[in-house]
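The values are calculated or read from the model by the stated rules, or taken from the named source; none is laboratory data. From a predicted model like this one, the values you see are computed outputs, not experimental measurements. When we count neighbours, we look across all protein chains shown, and the Cβ atoms used for this are built from the backbone with ideal geometry, even at glycine. We work out accessible area using only protein heavy atoms, side chains counted, and drop any ligands, DNA or RNA first. Shrake-Rupley method; radii C 1.70, N 1.55, O 1.52, S 1.80 Å.
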Amino acid sequence: MDQAEQRKARQTKAMDACWKAAREGVGRLLEEAKVYKGSEAHLYRGEATTIMEHVTPFYWGLATASFLFITFRVTGSKRFQLYRDAMFQRKPVLPPMTTRNGADPAKQQWKSLIERQTEEKAELANDLTRLPFDFFVSILGGCSTVLLLSKPDKMGDDFVNAPLMPGKSLIYKTICPPLQSAYDEQDHNVFQEINEGMLVTFEGFVRNCRIRSEFIKQQTLRGVARPDAVPYPGLKGASG
């Protein structure tokens, strides 16, 4: 294995470890997210506002996908089409029950039981055939909404700077520990070999986690009542 392949393998290993740690941390954050609405919610306001800014596009995407799927399923049904015809084209939904020649209305106006059953089965088969397409288009619409409304670059910057924000930080409490452990287990040359991408983002996040840890340590030594609450406007990063 040449040097390029070795470097690529190290980067892949580091990336996998960091993503695994990040997912673990996010899981913990979701479990403890009730603090954002608890008695100390005011101390988490800055962080909660930042999170909602980036979560809101996903809510809109989910709403768009749900709306499209329901619309496709409803408008594609035969009942809806009959109702639409009756409302806008003024065609009767049900056929008339009498004929001019006095023939039996049941024979002249209604289909036989077998024909109706055959038609219902065909309609069901057609409905099931459309289901995957409706689902795919709905998901596509939802994802497009998320991409349109989201701000990936700002999301990355806000993630890196999250440990520096004023007030208390649930992100620091839940995501920093596993990511710091994962980072320390990697060959740090991997992070120095690249200058962009998620590995740089993870490294910046870990660096800012340590800045907040040092701040909390100093505040604890001073006997501050809330050592984990950073005063406004927040901490300065390594480059700040």
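The residues on offer are 174, 220, 201, and the sole one that is β-branched (Val, Ile, Thr) and free of Cβ contacts under 8 Å to residues at least 12 places away in the same chain is 220.
Residues of the stretch 153-160 include none that is surrounded by fewer than 17 Cβ atoms within 10 Å (Cβ to Cβ) and more than 30 Å from residue 62 (Cα to Cα).
Of all residues in the stretch 15-31, those that are of a type in the set (Gly, Ala, Ser) have Cβ atoms under 8 Å from Cβ atoms of residues that are open to solvent by 30 Å² or more (accessible area, probe 1.4 Å) and assigned to a helix (DSSP H, G or I), 6 or more apart or on another chain, in 21/181; 25/177. One residue stands out among those in the stretch 200-240 that are of a type in the set (Ser, Thr, Tyr) and assigned to a helix (DSSP H, G or I): the one that is most open to solvent (accessible area, probe 1.4 Å), which is 220.
Residue pairs whose Cβ atoms lie under 7 Å apart, separated by 6 or more positions or on different chains, with the first residue in the stretch 121-146 and over 23 Å from residue 62 (Cα atoms) and at pLDDT below 85 and the second open to solvent by less than 80 Å² (accessible area, probe 1.4 Å) and among the basic types (Lys, Arg), are 123/78. Going through (1) of a type in the set (S, T, N, Q); (2) modelled with pLDDT under 90; (3) within 30 Å of residue 149 (Cα to Cα) one by one, residue 98 falls short only on (3).
On the given criteria, is residue 165 closer than 30 Å to residue 37 by Cα and in contact with a Gly (Cβ under 7 Å, 6 or more places away or on another chain)?
Values: closer than 30 Å to residue 37 by Cα: yes; in contact with a Gly (Cβ under 7 Å, 6 or more places away or on another chain): yes.
In short, yes.
If the condition is being open to solvent by 90 Å² or more (accessible area, probe 1.4 Å) and small (Gly, Ala, Ser), then the stretch 25-42 contributes only 39.
Of the set (1) in contact with a Leu (Cβ under 9 Å, 6 or more places away or on another chain); (2) modelled with pLDDT under 95, all apply to residue 220 but (1). Residues that are open to solvent by 20 Å² or more (accessible area, probe 1.4 Å), of a type in the set (Ser, Thr, Tyr) and under 20 Å from residue 48 (Cα atoms) occur at least once in the stretch 172-189. Selection within the stretch 11-23: residues that are modelled with pLDDT of 90 or more and surrounded by 17 or more Cβ atoms within 10 Å (Cβ to Cβ). The member of this set that is farthest from residue 179 (Cα to Cα) is 17. Filtering 153, 187, 158 for residues that are over 29 Å from residue 35 (Cα atoms) and more than 15 Å from the chain's Cα centre (by Cα) leaves a single hit, 187.
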